[in-house]
Amino acid sequence: MPEKLCVVMPVYNEQEAIGPVLEKWDAALKDLGIDYEIRPYNDGSRDGSLAVMREVAGRLGPQIDVRDKPNGGHGNTILTGYREAAADGFDWIFQIDSDDEMGPEKFGELWAHRGEYDFLVGTRQGRVQQLPRKVMSFVSRLCVRIFYGKSVWDVNTPYRLMRASAFHDFYEAIPLTTFAPNVILSGLAARHKLRSLEIQVPQHDRTSGEVSIKKWKLFKAAVRSFWQTVSFAVGGTA
């Protein structure tokens, strides 16, 4: 029986990008012959993202399962997607963002190695970051290394393939209010010595929309993420 893949894709105000992104990933997964479902989660978008997703799903078929939820932020949205996919019996869960910064070109390489690993990630290659984001990435990586153990390099990458049976309990243990659950998940993979693989995946600048967290908000987000990651490491149950 073929293994089933669920793609969890958080969407917030991406009406210009989301249609082509869904079409691109749908075509790529079809070409790979995978038994898949793509679940774009509309996180309370204030633009026409939801209408675009529904139109694309109507054209492409039931493998595009559009989900609509009140705005809860990126962390809340991906955790909701992980929990629902695991509960629905998918064997593998893949998370990718909807901004088209990372495409499906390298996904086949991850998928081909899944039998040997539990956690397969695409490390962002060619990523151009301003100093605040560089600091945030460094602190996240250092925090995971100190409090969880040696993990993947790009601990918060939005290009991650996870064996559902290995991560199921982690999804349930992390609170839905967590700002950056992917950082904690990378840490838990290290703590529990899950078999991990990293490959380089090109990241391109977005061609539409804009980053939602900037300047002072970015600093506050970094502090919040650091505190939650350390707190879970010390008091979490996973």
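The values are calculated or read from the model by the stated rules, or taken from the named source; none is laboratory data. These numbers come from a predicted model, not from an experiment. Reconstructed Cβ throughout: ideal geometry from the backbone, glycine too, with neighbour counts over all protein chains shown. SASA here: full protein model, heavy atoms, side chains in, ligands and nucleic acids out. Shrake-Rupley method; radii C 1.70, N 1.55, O 1.52, S 1.80 Å.
The figures follow:
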| read-out | value |
| --- | --- |
| Unmet criterion (only one of (1) buried (at least 22 other Cβ atoms within 10 Å of the Cβ); (2) more than 11 Å from Arg39 (Cβ to Cβ); (3) in contact with a strand residue (DSSP E or B) (Cβ under 9 Å, 6 or more places away or on another chain)) for Ala86 | (1) |
| Residue identified as touching a helix residue (DSSP H, G or I) at 6+ places or on another chain (Cβ under 9 Å), aliphatic (A, V, I, L, M) and touching a residue at least 24 places away in the same chain (Cβ under 8 Å) among Ile174, Ile146 | Ile174 |
| Condition met for Ser186 (under 23 Å from Thr80 (Cα atoms), crowded, with 20+ Cβ neighbours inside 10 Å and either charged (D, E, K, R) or at pLDDT 90 or above (or both)) | yes |
| Selection within segment 134-159 - open to solvent by less than 30 Å² (accessible area, probe 1.4 Å), over 16 Å from the mean Cα position of the chain (by Cα) and of a type in the set (A, V, I, L, M, F, W, C) | Cys143, Val144 |
| Selected residue [modelled with pLDDT of 95 or more, of a type in the set (Phe, Trp, Tyr), surrounded by 16 or more Cβ atoms within 10 Å (Cβ to Cβ) and closer than 19 Å to Phe226 by Cα] from Phe170, Phe179 | Phe170 |
| Residue list for segment 30-48, filter: in contact (Cβ under 8 Å) with a residue 40 or more places away in the chain, more than 17 Å from the chain's Cα centre (by Cα) and open to solvent by less than 50 Å² (accessible area, probe 1.4 Å) | Ile34 |
